[in-house]
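Since the structure comes first, as structure tokens, the remarks are kept for the end.
The values are calculated or read from the model by the stated rules, or taken from the named source; none is laboratory data. A quick note: this is a predicted structure, and the numbers were derived from the prediction, not measured. All Cβ positions, even for glycine, are placed from backbone atoms using ideal geometry, and neighbour counts span all protein chains on display.
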Ligand code: HT7
Ligand code: ZN
């Protein structure tokens with residue numbers, strides 16, 4: 001395979017300062033005439049050969065300076081043109097069949113619309129071009145097409161002219177004044193209606209806003225529009241970033257490989273992250289829409305105005321933009337709850353990636369297919385790494401760094417190194433050693449030993465002034481080898497800590513300790529006895545902590561820690577220790593340990609000072625993927641059995657409290673206010689525990705909740721619980737749900753997911769039947785993800801004895817790959833985790849990977865993931 005290495009970066013040989021594109025639109029034969037002004041790059045090596053990337057296209061004609069030109073040849077998929085001078089006008093005509101484009105990369109048809117997806121390398125499927133992010137061009141676009149089929153014609157930038165051809169076709173022209181890389185190009189044409197609004201920027205410019213959707217969907221764009229306006233304001237207020245065009249357009253399409261795309265001035269979204277109303281969208285959907293709308297908008301600066309030099313720098317825009325959208329959502333709602341949710345995703349998805357065969361640094365060193373690097377590591381760990389800079393510098397100084405970054409690199413294609421340097425200069429930090437986070441993969445493990453010093457200590461500095469006895473924390477960091485990186489240099493690990501006095505239940509104030517060595521000690525004064533350690537508060541560093549905290553300490557912290565994240569963490573640790581010990585067979589005092597969990601959870605249920613949103617978080621058991629991470633090799637069915645066993649026990653032991661909670665929160669009327677959202681979260685949690693302990697009572701309550709539901713959060717929560725049970729109410733509710741929402745595919749996706757992700761012992765049979773359901777199709781990524789990702793993430797079903805789950809996912813990959821390699825490759829990591837699974841199943845998982853690898857015509861996407869997973 002061709003491997004691309006970061007170290008091999010060379011500046012482009014030719015630049016393209018301007019490009020004009022003329023599209024004659026048609027669903028199955030779109031003609032594209034591209035005119036490129038090309039100029040030799042003074043920073044390149046002097047060559048007369050202009051290499052233009054292509055993929056699945058061929059040139060119908062090539063002109064140079066307006067004349068037919070024969071001095072060109074194809075090199076693989078690329079067009080190579082021999083040029084006599086330093087600047088030329090190149091004309092190229094291509095012909096595309098958008099309706100045959102099932103890969104959904106380049107120009108494709110979705111539900112009668114024409115739309116584009118060019119990141120990362122889709123532009124080369126439209127026309128021949130140096131398709132790399134460090135070639136920035138000013139785009140002028142003209143398109144013409146049938147007025148009835150394509151009444152709305154959109155592209156990047158500002159509309160400049162439009163007209164009627166008088167023959168049933170019309171045309172429009174767009175001009176984007178901001179030079180941009182080809183991956184940010186977009187075009188959309190079709191029957192669309194707009195929800196319009198406007199936003200006045202801080203310098204007084206009025207920006208026209210429009211969210212385009214299919215007719216009939218416009219009522220469901222209110223929340224997305226509100227989120228967009230809030231994002232525009234927040235980016236001005238916090239990061240000082242103002243929008244820079246007269247128009248900002250969003251289009252929602254139903255066939256999309258990812259969540260959304262930040263094309264300059266014309267964001268294209270998966271409908272899933274735009275459309276919402278209370279009856280069809282859950283509270284989680286509302287949050288996701290707000291987050292994704294903000295994320296794409298924030299890219300206007302972090303990604304578009306300052307873009308990436310090459311794809312190895314992907315985290316420069318993605319990690320930073322994820323951090324920005326997380327900060328925005330934290331400011332808009334409950335910051336602690338947002339932090340807990342973000343850490344839960346990191347642990348469930350990124351930690352396993354970091355300990356598996358596909359582990360890579362946030363700035364990878366090599367790739368075969370860049371689409372495989374849109375990962376939780378580049379995105380979520382990338383955000384955590386930049387977040388640590390905010391911990392080290394404080395937000396105010398950090399923002400000085402980002403302002404310098406934007407000023408210094410505006411209009412440029414920058415690197416992660418440029419970003420780090422700007423933060424160093426602007427925030428006044430030394431990040432020399434911190435750069436290891438960009439170079440090394442793997443989640444560091446920090447083990448802590450705490451000792452109480454002798455009665456008459458010789459303390460120095462601040463510790464001495466507090467008197468009493470000293471407490472010394474000795475921390476050791478280790479990071480396991482990852483592919484290609486056997487030995488790790490020490491990371492800079494900022495840890496927010498507090499030491500609680502057991503007597504008073506208070507601490508002397510939070511401290512920040514910064515671990516830089518493999519082993520390091522820190523001493524604190526003023527103690528009379530060994531305190532309770534609260535460490536990595538707020539999850540200040542993306543590490544695993546092994547701390548000397550007893551079960552009693554965890555119960556104490558779960559009740560009293562004044563850092564809400566730490567309180568959640570104590571609860572999680574209490575349960576993780578119990579379950580991991582139980583699965584590994586090392587749990588000594590099972591009853592006592594269980595009782596401690598019951599007492600802590602009971603206290604959470606009783607705590608009247610807690611808001612329900614936070615209570616709902618504290619009640620969630622640690623996920624199976626995270627539990628598996630704590631074990632060298634796990635039997636997933638044992639993890640499942642222990643976790644369900646604990647849930648059942650908690651359901652039984654605290655039954656009266658669950659019933660009382662369910663009664664109380666069921667009386668709270670629907671609204672989007674935090675209290676009402678918290679009530680809904682607790683409502684489903686109560687049902688989940690009751691479902692494990694008393695299925696008949698849970699089925700009765702869930703059916704009543706389902707029937708009375710005025711909103712999707714309650715309806716989905718109730719249906720999830722019913723799905724897991726073998727009861728008559730299950731079938732009735734599923735049938736009602738399907739007929740009630742027939743034709744609304746975003747809701748039908750929930751119907752697929754609930755069944756595929758269910759704890760129901762027959763989930764595999766249900767999934768096999770659903771794959772044949774008329775609503776299911778392999779050509780729509782949302783549908784494929786709804787059914788098959790929910791199944792692959794369902795440990796009980798996926799890891800079922802005999803390996804049928806593995807076979808089903810391997811079959812899916814093989815069938816999906818020729819249709820959409822990008823989406824197919826996203827299923828490989830589920831099989832790729834075989835080394836973390838007990839030997840019997842591991843062999844079955846590996847065998848399925850080998851079966852896939854034996855297929856000769858695999859996409860580059862799947863080939864890379866499978867071959868790395870077998871190493
Ligand atoms: N920057 C966007 C990435 C993206 C993408 C990547 C691979 C294949 C399809 C894709 N669609 C969008 C999304 C984002 O992070 O904002
Ligand atoms: Zn992004």
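A few points about this structure:
- Top-ranked residue in the range 306-318 [being outside any helix (DSSP H, G or I) and in contact with a strand residue (DSSP E or B) (Cβ under 7 Å, 6 or more places away or on another chain); ranked as farthest from ligand 1 (Cβ to nearest atom)]: 309
- In the range 260-290, the residues that are over 17 Å from residue 192 (Cβ atoms), within 14 Å of ligand 1 (Cβ to nearest atom) and not in a helix (DSSP H, G or I): 262, 264
- When 357, 352 are checked against the criterion of being within 22 Å of residue 629 (Cβ to Cβ), within 17 Å of the chain's Cα centre (by Cα) and more than 16 Å from ligand 2 (Cβ to nearest atom), a single residue qualifies: 352.
- Considering the conditions (1) within 18 Å of residue 189 (Cβ to Cβ); (2) assigned to a loop (DSSP other than H, G, I, E, B), residue 11 is excluded by exactly one of them, (1).
- Summed over the range 489-524, the residues that are farther than 26 Å from residue 432 by Cβ and either without any contact (Cβ under 8 Å) to a residue 24 or more places away in the chain or out of contact with any helix residue (DSSP H, G or I) (no Cβ under 9 Å at 6 or more places or on another chain) (or both) give a count of 8.
- Test result for residue 210, closer than 29 Å to residue 146 by Cα, in contact with a helix residue (DSSP H, G or I) (Cβ under 8 Å, 6 or more places away or on another chain) and in a strand (DSSP E or B): no
- Of the residues in the range 335-347, at least one is on the phi < 0 side of the Ramachandran plot, at pLDDT 95 or above and within 15 Å of ligand 1 (Cβ to nearest atom).
- Considering the range 362-383, and only residues there that are part of a loop (DSSP other than H, G, I, E, B) and under 14 Å from the mean Cα position of the chain (by Cα), the residue that is farthest from ligand 2 (Cβ to nearest atom) turns out to be 362.
- Residue within the range 697-705 that is more than 25 Å from residue 614 (Cα to Cα), crowded, with 21+ Cβ neighbours inside 10 Å and not assigned by TED's automatic domain parsing to the domain that holds residue 616 present: yes
- For residue 259, the criteria (1) more than 23 Å from residue 176 (Cα to Cα); (2) touching a residue at least 40 places away in the same chain (Cβ under 8 Å) hold in every case but one, which is (2).
- Checking each residue in the range 227-245 for being free of Cβ contacts under 8 Å to residues at least 60 places away in the same chain and either crowded, with 18+ Cβ neighbours inside 10 Å or in a helix (DSSP H, G or I) (or both) picks out 229, 233, 236, 237, 243.
- The set of residues in the range 456-498 being in a loop (DSSP other than H, G, I, E, B) and at pLDDT below 85 consists of 456, 457, 458, 459, 460, 466, 467, 468.
- Flag: residue 260 matches the condition of being within 22 Å of residue 157 (Cα to Cα), modelled with pLDDT of 95 or more and within 11 Å of ligand 2 (Cβ to nearest atom).
- Residue check for residue 848: farther than 22 Å from residue 122 by Cα, touching a residue at least 40 places away in the same chain (Cβ under 8 Å) and not in a helix (DSSP H, G or I): no
- Residue within the range 398-414 that is free of Cβ contacts under 8 Å to residues at least 60 places away in the same chain, within 30 Å of residue 545 (Cβ to Cβ) and either within 16 Å of ligand 2 (Cβ to nearest atom) or part of a helix (DSSP H, G or I) (or both) present: yes
- Unmet requirement for residue 159, which otherwise passes all of (1) within 23 Å of residue 243 (Cα to Cα); (2) buried (at least 20 other Cβ atoms within 10 Å of the Cβ): (2)
- Every residue from the range 126-146 that is within 16 Å of ligand 1 (Cβ to nearest atom) and closer than 20 Å to residue 267 by Cβ: 126, 133
- Members of the range 292-305 found to be more than 11 Å from ligand 1 (Cβ to nearest atom) and surrounded by fewer than 24 Cβ atoms within 10 Å (Cβ to Cβ), listed by number: 305
- Within the range 292-301, tally of residues that are in contact (Cβ under 8 Å) with a residue 60 or more places away in the chain and either outside any loop (DSSP other than H, G, I, E, B) or assigned by TED's automatic domain parsing to the domain that holds residue 714 (or both): 4
- All positions within the range 52-76 that are in contact (Cβ under 8 Å) with a residue 60 or more places away in the chain, under 12 Å from residue 90 (Cβ atoms) and part of a strand (DSSP E or B): 52
Okay, residues lined up against (1) more than 18 Å from residue 794 (Cβ to Cβ); (2) part of a loop (DSSP other than H, G, I, E, B):
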site: 718; (1), (2): yes, no
site: 729; (1), (2): yes, no
site: 735; (1), (2): yes, no
site: 738; (1), (2): yes, no
site: 749; (1), (2): no, no
site: 755; (1), (2): no, no
site: 761; (1), (2): no, yes
site: 764; (1), (2): no, no
site: 777; (1), (2): yes, yes
